Amino acid sequence: MPLSHIEHYLILTPDITATRDWYVDTLGLREGPHPDFPFPVCWLYIGDQDVIHIGQVNASAEQRKYLGDPSKQDGPGEKTGTGALDHIAFRATGLAVTLDHLRAKKIPFTERQVDDQGLYQLFLHDPHGIKIELNFAAAEAADRRAPVMAADLR
């Protein structure tokens, strides 16, 4: 069963509009079509691909019937939550423009570099504390040196 790509991730939030606005204003995603569910949702797209789905954290009966109870995990023991998530990564272009954009919006970020993978990385957090990783080709950062270099950690 080989996997080909990530389809999307779902964020459950008390404020769909504010979450949508952050991803649109900060990362440049766009709102697009979604199924006609009988509960509030928003789908965000990169190009023609939906990548982030947003729904209400306080699920309606219809949403719980469709997705299950977000506070429980199906199976033995009924564990709470859905597991640990450290970050979501996106490939990006336009490092200089992105840096200016994040600074103008006063969005804190950290910079990292992984030379053996040819990556210059920015890490930031969405309003819910989800860490977002933006990966740029290292060539875009030819005049920069990240404060943390993977090669220096050896």
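Read-outs: derived from the displayed coordinates by stated rules, not from any lab. The shown structure was predicted, so the numbers you read here are calculated from the model rather than taken from an experiment. FYI the Cβ positions are ideal-geometry reconstructions off the backbone, even for glycines, and counts take in every protein chain you see.
I need to check one value: relative contact order of region 87-153, counting alpha carbon pairs closer than 8 Å and at least 6 residues apart, in percent. Don't skip to the end; give the middle numbers.
On the way: 106 pairs, mean separation 25.8, N = 67.
With pairs under 8 Å counted, the relative contact order is 39 percent.
Using Cβ contacts closer than 10 Å as the measure, can you line up Lys131, Lys105 from fewest to most? All intermediate terms of the calculation are to be shown ahead of the outcome.
Working: Lys131 14, Lys105 10.
With the sparsest Cβ surroundings first, the list reads Lys105, Lys131.
Can you work out ³J(HN,Hα) from phi for every residue in region 121-128, in order, using Karplus 6.51 cos²θ - 1.76 cosθ + 1.60 and θ = phi - 60°, giving whole Hz and x for Gly and Pro?
With coefficients 6.51, -1.76 and 1.60, one gets 10, 10, 10, 9, 10, 6, x, 9 Hz.
Under 5 Å between amide H atoms, partner at least 5 residues away or on a different chain: which partners does Ile11 have, H built in plane at 1.01 Å?
Amide H neighbours of Ile11: His53, Ile54, Gly55.
Could you pull out every residue, at least 5 positions away or on a different chain, whose amide H is within less than 5 Å of the one on Ala89? Hs are placed 1.01 Å off N in the peptide plane, and Pro or chain starts have none.
Answer set, sorted by chain and number: Glu133.
Mind computing the radius of gyration and Dmax over the alpha-carbon atoms of region 9-67? Å is fine for both.
Using the Cα atoms of region 9-67, the pair Rg, Dmax is 11.3, 33 Å.
Within a 10 angstrom radius of the beta carbon, how do His128, His53, His5 rank from fewest other beta carbons to most?
Sorted ascending by nearby Cβ count, the order is His5, His128, His53.
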